[in-house]
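First the structure, in the form of structure tokens, and then the observations on it.
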Amino acid sequence: MAIISLLHGPNLNLLGQREPHIYGTATLDDVVAVATAAAAVHGHEVEAFQSNHEGALVDAIHAARGRAAAIVINPGAFTHYAWSIHDALSAFAGPIVEVHISNPNAREPWRHTSVVAPVATGSIMGLGIHGYELAVEAIARRLEG
């Protein structure tokens with residue numbers, strides 16, 4: 001059994017309430033449940049964390065080092081400018097999957113750049129909360145070799 005650290009950035013605590021026409025009506029608890037169920041199929045466990053504070057996410061990434069086998073992260077708006085998250089992720093040895101519920105490339109131009117993507121194993125975007133299930137599946141396949 002491996003631990004998958006599921007990290008969420010700012011405003012994702014408002015899923016289901018904030019801009020449902022973009023992000024849907026599923027809540028953060030729904031996202032965690034989807035990821036947890038996907039991980040359980042492979043005998044893995046999900047530990048979820050959300051913060052609106054960049055430093056708290058950096059601390060969570062550091063805490064995952066040597067403990068979690070992989071990270072699934074939706075950094076929210078930090079995606080586009082949080083170099084401290086980029087640097088923390090670059091020090092993590094396992095697979096990292098960046099997930100976005102909407103497709104940032106189909107939105108405002110400032111959302112088109114991800115500082116997380118260069119240190120992620122892969123990125124999944126625009127598939128709603130199904131993207132989390134796909135991210136966990138991809139990680140499970142990598143961990144299984």
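The values are calculated or read from the model by the stated rules, or taken from the named source; none is laboratory data. Note that this is a predicted model, so its numbers are computed, not measured. FYI the Cβ positions are ideal-geometry reconstructions off the backbone, even for glycines, and counts take in every protein chain you see.
Before we move on, is residue 138 over 18 Å from residue 9 (Cα atoms) and not polar (S, T, N, Q)? Before the answer, list the steps.
On the way: over 18 Å from residue 9 (Cα atoms): yes; not polar (S, T, N, Q): yes.
Here the answer is yes, as residue 138 does meet what is asked.
Would you confirm whether any residue within segment 2-23 is acidic (Asp, Glu) and within 18 Å of residue 131 (Cβ to Cβ)? Spell out the reasoning first.
Going through segment 2-23, the residues acidic (Asp, Glu) turn out to be 19.
Filter again for within 18 Å of residue 131 (Cβ to Cβ), leaving 19.
Yes, segment 2-23 contains a residue that is acidic (Asp, Glu) and within 18 Å of residue 131 (Cβ to Cβ).
Please go through segment 89-132 and pick out each residue that is surrounded by fewer than 20 Cβ atoms within 10 Å (Cβ to Cβ) and of a type in the set (D, E, K, R).
Across segment 89-132, the qualifying residues are 107, 108, 111.
Just give me the residues in segment 59-81 being closer than 25 Å to residue 16 by Cα and modelled with pLDDT of 95 or more, in sequence order.
60, 71, 72, 73, 74, 75
Filter segment 1-14 down to the residues that are part of a loop (DSSP other than H, G, I, E, B) and within 14 Å of the chain's Cα centre (by Cα), then identify the one that is surrounded by the most Cβ atoms within 10 Å (Cβ to Cβ).
Per the stated criteria, the residue is 9.
Pick out the one residue from 124, 139 that is of a type in the set (Val, Ile, Thr), in contact with a helix residue (DSSP H, G or I) (Cβ under 9 Å, 6 or more places away or on another chain) and either at pLDDT below 95 or outside any helix (DSSP H, G or I) (or both).
Values: 139 fails: either at pLDDT below 95 or outside any helix (DSSP H, G or I) (or both).
Residue meeting the stated conditions: 124.
Scan segment 46-69 and tell me whether some residue there is among the hydroxyl-bearing types (Ser, Thr, Tyr), surrounded by fewer than 19 Cβ atoms within 10 Å (Cβ to Cβ) and assigned to a loop (DSSP other than H, G, I, E, B). Break it down stepwise before answering.
If we filter segment 46-69 for residues that are among the hydroxyl-bearing types (Ser, Thr, Tyr), which is where we start, we get 51.
Applying the additional criterion that residues be surrounded by fewer than 19 Cβ atoms within 10 Å (Cβ to Cβ) yields none.
No, there is no match, as no residue in segment 46-69 is among the hydroxyl-bearing types (Ser, Thr, Tyr), surrounded by fewer than 19 Cβ atoms within 10 Å (Cβ to Cβ) and assigned to a loop (DSSP other than H, G, I, E, B).
With respect to the numbered conditions (1) at pLDDT 95 or above; (2) part of a helix (DSSP H, G or I); (3) buried (at least 22 other Cβ atoms within 10 Å of the Cβ), which one is the sole condition not fulfilled by residue 30?
The number of the failed condition is (3).
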